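Everything on this sheet refers to the single structure shown next.
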Amino acid sequence: MARLLSVALLGLWLACTVVHADVNVICLMQHCADESFKCGTDATCATAVTCMSGCGTDQKCVIKCVDSYGNDVFSRFTSCAISKHKCITLEKADPAFTCSKPEKTVKSFNMSKLEGNWYKLGGTNPIFDCYDCQHHHYGKTELVDGLKSSSLKIDYLANSQAGDVLHKVCQRTVTQPDPKQPGVLMHNYETAGLALNDEFRILHVDEKDSFALMYYCGDTTVYGYEGLNLFSREPTLSEFSLSMAKQVIELYGYDSADFCTARTTGCPF
């Protein structure tokens, strides 16, 4: 009884404080009682919820809260309450948002070319592309349910609100859904308890396989997002390769000056 009362109080608190969200307290008590109770009694999870309650539909604010306070307890709570049972329904920040997907992608591409290490040198989305030490490692390409698939582990550093530098890890599954569009890949993963499916479009891979240009588009229950990323096999590009990459970026109608630059050297992993 005490646990259910705690869950009910948490639900009522969420209903009163979380802006741009509908909270079904009965649903939380019926389907997510354990996850809600653990979040309410876990200092870090409770702080994450408190932090996000003041964000509304501010995408940058939400990401900062998750970077600073997101933990396994928080992920289990949001997975249950938002993704699985829809006890908390979040208002979409911009219902009219649509991705501006480049139509032209590589005509032929073997996913095995991605295997191994890549470094994100920067991108056009300041919220997602500017973390330091973004190291991507693709596993071996395999055939799963008739589709080419591989694992992807992303390590990166995030700065918390308290000024701490935190090592973050994201695990993804990458698939090539349509062999007729080899340059279009899907990234399936979970972050902060939310199941996400991002579409990546490979626009260019240079002949020496030293750099790649990829566009991505995704959507959460709250906001959509997109960006253009420059990846390299090495932590840095030679002046010649960087010059070539800038030419390719401009070829697709982007300005390399709009790219944020991420640190890729001196990393702890």
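The values are calculated or read from the model by the stated rules, or taken from the named source; none is laboratory data. Bear in mind the structure is a predicted one, so any value in this text is a computation, not a measurement. When we count neighbours, we look across all protein chains shown, and the Cβ atoms used for this are built from the backbone with ideal geometry, even at glycine. Calculation scope for accessible area: heavy atoms of the full protein, side chains included, ligands and nucleic acids excluded. Shrake-Rupley method; radii C 1.70, N 1.55, O 1.52, S 1.80 Å.
Here are the numbers for this structure:
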quantity	calculated
K113 - accessible surface, heavy atoms, 1.4 Å probe, Å² rounded to 10	80
For segment 113-269, diffusion coefficient by Stokes-Einstein and Kirkwood Rh (Cα), 20 °C, 1.002 mPa s, µm²/s	131
Computed lengthening from S53 to E234, 0.36 nm per intervening residue step minus Cα-Cα distance	61.2 nm
Solvent-accessible ranking of H204, H31, H136, largest area first, probe 1.4 Å	H31, H204, H136
Electrostatic dipole magnitude of segment 155-269 [Cβ: Lys, Arg +1; Asp, Glu -1; Cα centre; debye, to 20]	180
Gain in span if fully extended, T265 to L166, counting 0.36 nm per residue against the direct Cα distance	34.0 nm
Two-site label geometry, Y252 and C99: point separation in nm, points 7 Å out along Cα→Cβ	1.2
Per residue accessible area of the chain, 1.4 Å probe, in Å²	51
Rounded Å value of the spacing that divides the Cα centres of segment 29-83 and segment 192-266	30
For segment 165-224, the Rg and Dmax computed from alpha carbons only, in angstrom	13.7, 42
Extended-chain gain in nm, criterion 0.36 nm per residue less alpha-carbon gap, N159 and K92	21.5 nm
√(5λ) per eigenvalue of the Cα gyration tensor, segment 23-106, largest first, Å	28, 16, 13
Candidate residues K148, K168: accessible-area rank, largest first, probe 1.4 Å	K148, K168
Cα-based Kirkwood hydrodynamic radius, segment 96-199, one decimal, Å	15.4
